[in-house]
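Heads up: the structure comes next, in structure tokens.
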Amino acid sequence: MRILLVALCAAVLASTAPAWAQEAKQDFRLVNKTGYELKGLYVAPSKSDDWEEDVLGQDTLSDGQAVNVHFNPKTKTCKYDLKVVYSDDDSSAVWSKIDLCSVEKITIKYNRKNDETTASFD
């Protein structure tokens, strides 16, 4: 009887766990395919005039690496601006009004020929 009760409790906890670990709609994964290291990643609501804090903090994001960006599940805003800063020369690239409620992955690439950083949104 005790084993049945433990199994039943485990099943109930497993079925409710996703509600506890709910992710925000705005969460996304940024993949760096630029060929260069990034030292800064900023995400701010499009209507804001402030970039807020660097998501990477003290860390950097090497070429080929990815980082998951998480939001508070209570966040309602969907439109965000994104800025990345390169380690080698402090140059940056900015994208505006990204609908993070419909994007799960952002991959950034750098084209040396055009000297342009582009992003694809999946």
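Below, the figures for the structure above:
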{"quantity": "Per-pair calculated FRET efficiency, R0 = 35 Å: residue 75 and residue 114 via Cβ, rounded to 0.05", "calculated": "0.50"}
{"quantity": "Protection proxy ranking, peptides 104-110, 44-50, average beta carbon neighbours within 10 Å, highest first", "calculated": "104-110, 44-50"}
{"quantity": "For the stretch 109-122, 3J(HN,Hα) per residue [Karplus equation, 6.51 cos²θ - 1.76 cosθ + 1.60, θ = phi - 60°, Hz, x = Gly/Pro]", "calculated": "9, 10, 9, 4, 4, 9, 6, 9, 9, 10, 9, 10, 10, 10"}
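Laboratory data are not the source of any read-out in this text; all were calculated from the coordinates shown. Every value quoted in this text rests on a predicted model; they were computed, and no experiment measured them. Here the Cβ is made from the backbone with ideal geometry for all residues, glycine too, and neighbour counts use every protein chain on show.
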